[in-house]
Amino acid sequence: MRKTLSLVLAGLLLAASGCQGNISRVAAGMSCIQVEGLMGEPKRVIRGEGLDTDMQTYVYPQGRVHFKKFRVVLVQPAGEKRPITEGVREREEREKER
């Protein structure tokens, strides 16, 4: 009985630790499915708007994973500054011209 309980607890601990993947193992070019298999389900998904409809970001406690056309283009570990996207750069340049 104790051995069975120990095995069940060990299995639960392994399953729980597998839900929090290592963001450093996520690489450019990976698909959304591959990232979810490695990191688990994201806490939040941010989808692009307007001209950036093919962009989306998965938000995890360990950081953010940015996709374009369902492939990883940028991995941003937690604590790093948020990158400036092309859309933001273009907007800033237009505002400077005015």
Worksheet entry | Residue satisfying condition, being within 21 Å of Ala27 (Cβ to Cβ) and either of a type in the set (S, T, N, Q) or modelled with pLDDT under 90 (or both), within set Arg64, Arg91, Arg82 | Arg82
Response to the item:
Of the conditions (1) more than 11 Å from the chain's Cα centre (by Cα); (2) at pLDDT 60 or above; (3) on the phi < 0 side of the Ramachandran plot, the single one that Phe70 does not satisfy is (3)
Practice prompt. Filter the range 18-47 for residues that are among the basic types (Lys, Arg) and part of a loop (DSSP other than H, G, I, E, B) and give the result.
Written response: Lys43
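The values are calculated or read from the model by the stated rules, or taken from the named source; none is laboratory data. Predicted, not measured: the structure shown is a model, and the values here were computed from it. Glycine gets a Cβ as well: all are built from the backbone with ideal geometry, and neighbour counts include every protein chain shown.
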